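Enquirer: My questions all concern the structure below.
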């Protein structure tokens with residue numbers, strides 16, 4: 001079916017945007033399935049999914065139906081001073097499908113992690129341990145770019161221009177000995193961990209490390225927080241990435257795909273943490289509004305279907321088979337990943353590969369200087385993924 005390309009404004013209009021991103025040349029005006037379409041009508045196979053946001057790709061009928069139904073009620077936003085059904089139903093759905101007893105909604109992953117930092121400090125204070133204000137993060141971590149979350153994001157280049165950041169952020173290598181040394185000082189309110197580090201190069205953390213961190217947190221009376229903003233909600237082939245390890249956190253943060261492309265984040269909490277929080281301790285104007293919550297309810301229910309998750313694991317095995325061959329051929333230094341989240345480490349900078357893939361009609365990402373990152377929509381077909389891998393192989397070669 002031909003795509004109608006809408007009229008675009010003059011090139012000067014783009015100059016009004018603050019230059020926080022180095023944007024690639026195509027200007028996208030439409031999307032269909034796993035493909036984006038630029039203003040010249042050219043299609044690009046998207047293996048980025050809006051950096052892990054568009055789990056169902058573009059123009060998804062289910063998302064459109066959920067939006068339409070929500071709009072029919074006339075409620076886009078209602079203050080959190082009042083009750084609405086979608087947010088309450090979504091919270092119930094998330095707690096039913098997880099370890100959590102309570103949910104706090106916000107607007108992004110950065111906000112979710114900021115909320116979790118505050119909740120951890122509030123919990124520590126409620127136990128009488130007022131000295132426990134430190135938040136421990138692992139080397140290679142990325143938890144956001146707000147002042148609290150940036151303080152536990154292991155990127156000195158991101159931090160230095162905005163110092164001083166939130167005090168109390170501490171880093172440790174991703175091993176139990178290093179974390180134990182930092183936690184042993186007795187000042188840690190929480191340990192923040194990405195079960196699969198995303199921006200740090202797509203590094204799945206071993207299950208025995210996660211189990212060890214759980215035991216260490218219990219011994220130190222410290223909270224364990226899993227950041228699944230990028231790796232959660234089906235991306236790993238499980239609803240939550242930590243499920244494969246059998247480890248239960250005290251809090252979990254979600255965002256990216258949660259509301260199908262609409263801005264939404266969430267903090268999932270056990271009653272142990274939630275009982276320390278009182279009305280007025282934290283707030284959000286837009287978090288959990290009826291429109292975004294309606295769409296998110298559709299997303300969570302659909303991603304949680306066993307058949308859906310099995311398909312993600314099958315496509316992940318398809319990637320694994322291809323990239324293991326490339327590693328044997330010497331095209332890759334290492335391939336790491338799970339489900340539909342992969343990092344391909346090169347022996348040279350990754351940016352030129354991304355640049356070569358673009359004119360071939362393929363969108364891929366980097367994750368650090370030497371890693372090509374694959375985050376395709378979770379609905380990508382076997383044939384589409386094969387096409388994408390073939391194009392990427394050409395760009396690598």
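Enquirer: Which is under 26 Å from residue 22 (Cα atoms), surrounded by fewer than 18 Cβ atoms within 10 Å (Cβ to Cβ) and at pLDDT 95 or above, of 393, 321? Full working, then the answer.
Expert: Working: 321 fails: under 26 Å from residue 22 (Cα atoms).
Every option except 393 fails the conditions.
Enquirer: Inspect region 268-280 for any residue being surrounded by 19 or more Cβ atoms within 10 Å (Cβ to Cβ), in contact (Cβ under 8 Å) with a residue 40 or more places away in the chain and either assigned to a strand (DSSP E or B) or not assigned by TED's automatic domain parsing to the domain that holds residue 103 (or both) and give the result as yes or no.
Expert: Yes, region 268-280 contains at least one residue that is surrounded by 19 or more Cβ atoms within 10 Å (Cβ to Cβ), in contact (Cβ under 8 Å) with a residue 40 or more places away in the chain and either assigned to a strand (DSSP E or B) or not assigned by TED's automatic domain parsing to the domain that holds residue 103 (or both).
Enquirer: Could we say that residue 224 is outside the structural domain of residue 366 (by TED's automatic domain parsing), touching a helix residue (DSSP H, G or I) at 6+ places or on another chain (Cβ under 7 Å), farther than 25 Å from residue 346 by Cα and in a loop (DSSP other than H, G, I, E, B) here? Full working, then the answer.
Expert: On the way: outside the structural domain of residue 366 (by TED's automatic domain parsing): yes; touching a helix residue (DSSP H, G or I) at 6+ places or on another chain (Cβ under 7 Å): yes; farther than 25 Å from residue 346 by Cα: yes; in a loop (DSSP other than H, G, I, E, B): no.
No; evaluated as a whole, the condition is false for this residue.
Enquirer: Follow-up. Could you list, in sequence order, all residues of region 148-170 that are surrounded by fewer than 18 Cβ atoms within 10 Å (Cβ to Cβ), closer than 15 Å to residue 134 by Cβ and out of contact with any helix residue (DSSP H, G or I) (no Cβ under 8 Å at 6 or more places or on another chain)?
Expert: The answer is 167, and nothing else.
Enquirer: Let me ask something additional. In this structure, does residue 287 turn out to be buried (at least 18 other Cβ atoms within 10 Å of the Cβ) and assigned to a loop (DSSP other than H, G, I, E, B)?
Expert: When the stated conditions are applied, residue 287 passes them.
Enquirer: Looking at (1) without any contact (Cβ under 8 Å) to a residue 40 or more places away in the chain; (2) surrounded by fewer than 24 Cβ atoms within 10 Å (Cβ to Cβ); (3) assigned to a helix (DSSP H, G or I), can you tell me which one residue 130 breaks?
Expert: (3)
Enquirer: Give me the residue from region 111-120 that is crowded, with 20+ Cβ neighbours inside 10 Å and in contact (Cβ under 8 Å) with a residue 60 or more places away in the chain and, out of that set, nearest to residue 166 (Cα to Cα).
Expert: Initially, region 111-120 is screened for residues crowded, with 20+ Cβ neighbours inside 10 Å, giving 111-117, 119-120.
Next, from what is left, pick out any that are in contact (Cβ under 8 Å) with a residue 60 or more places away in the chain: 111-113, 115-117, 119-120.
Numbers: 111: 14, 112: 16, 113: 13, 115: 14, 116: 14, 117: 11, 119: 15, 120: 14 Å.
Checking each candidate, the answer is 117.
Enquirer: With 179, 225, 202, 196 as the choices, which residue is in contact (Cβ under 8 Å) with a residue 40 or more places away in the chain, at positive phi and in contact with a strand residue (DSSP E or B) (Cβ under 9 Å, 6 or more places away or on another chain)?
Expert: Working: 179 fails: at positive phi; 225 fails: at positive phi; 196 fails: at positive phi.
After applying the criteria, what remains is 202.
Enquirer: Restricting to region 133-154, what's the tally of residues that are in a loop (DSSP other than H, G, I, E, B) and closer than 12 Å to residue 168 by Cα? Before the answer, list the steps.
Expert: Narrowing region 133-154 to residues in a loop (DSSP other than H, G, I, E, B): 133, 139-146, 151-154.
From what is left, the residues that are closer than 12 Å to residue 168 by Cα are 133, 151-152.
Residues in region 133-154 being in a loop (DSSP other than H, G, I, E, B) and closer than 12 Å to residue 168 by Cα: 3 in total.
Enquirer: Just one of (1) surrounded by 15 or more Cβ atoms within 10 Å (Cβ to Cβ); (2) in a helix (DSSP H, G or I) trips up residue 51, so point out which.
Expert: (1)
Enquirer: Continuing with this model, one more query. When you check residue 249 against the structure, is it touching a strand residue (DSSP E or B) at 6+ places or on another chain (Cβ under 9 Å), surrounded by 24 or more Cβ atoms within 10 Å (Cβ to Cβ), in the same structural domain as residue 298 (by TED's automatic domain parsing) and part of a loop (DSSP other than H, G, I, E, B), yes or no?
Expert: Working: touching a strand residue (DSSP E or B) at 6+ places or on another chain (Cβ under 9 Å): yes; surrounded by 24 or more Cβ atoms within 10 Å (Cβ to Cβ): yes; in the same structural domain as residue 298 (by TED's automatic domain parsing): yes; part of a loop (DSSP other than H, G, I, E, B): yes.
Spelling it out, residue 249 is indeed touching a strand residue (DSSP E or B) at 6+ places or on another chain (Cβ under 9 Å), surrounded by 24 or more Cβ atoms within 10 Å (Cβ to Cβ), in the same structural domain as residue 298 (by TED's automatic domain parsing) and part of a loop (DSSP other than H, G, I, E, B).
Enquirer: Looking at 312, 303, which one is more than 17 Å from residue 388 (Cα to Cα) and surrounded by 21 or more Cβ atoms within 10 Å (Cβ to Cβ)?
Expert: Details: 312 fails: more than 17 Å from residue 388 (Cα to Cα).
Residue meeting the stated conditions: 303.
Enquirer: Can we say residue 68 is part of a helix (DSSP H, G or I), without any contact (Cβ under 8 Å) to a residue 60 or more places away in the chain, out of contact with any strand residue (DSSP E or B) (no Cβ under 9 Å at 6 or more places or on another chain) and over 24 Å from residue 197 (Cβ atoms)?
Expert: Working: part of a helix (DSSP H, G or I): yes; without any contact (Cβ under 8 Å) to a residue 60 or more places away in the chain: yes; out of contact with any strand residue (DSSP E or B) (no Cβ under 9 Å at 6 or more places or on another chain): yes; over 24 Å from residue 197 (Cβ atoms): yes.
Criteria met by residue 68.
Enquirer: Here's a follow-up. Of all residues in region 93-112, which are more than 17 Å from the chain's Cα centre (by Cα), under 14 Å from residue 269 (Cβ atoms) and assigned to a helix (DSSP H, G or I)?
Expert: 95
Enquirer: For the list (1) buried (at least 19 other Cβ atoms within 10 Å of the Cβ); (2) more than 18 Å from residue 174 (Cβ to Cβ); (3) free of Cβ contacts under 8 Å to residues at least 60 places away in the same chain, I need the number of the one condition that residue 242 fails.
Expert: Single failed check for residue 242: (2).
Enquirer: Restricting to region 72-90, count the residues that are in contact (Cβ under 8 Å) with a residue 40 or more places away in the chain and either surrounded by 13 or more Cβ atoms within 10 Å (Cβ to Cβ) or not assigned by TED's automatic domain parsing to the domain that holds residue 145 (or both).
Expert: Residues flagged as in contact (Cβ under 8 Å) with a residue 40 or more places away in the chain and either surrounded by 13 or more Cβ atoms within 10 Å (Cβ to Cβ) or not assigned by TED's automatic domain parsing to the domain that holds residue 145 (or both) within region 72-90 amount to 10.
The values are calculated or read from the model by the stated rules, or taken from the named source; none is laboratory data. Quick caveat, the model's predicted, so the values are computed rather than measured. Cβ atoms come from the backbone with ideal geometry, glycine included; neighbour counts cover every protein chain shown.
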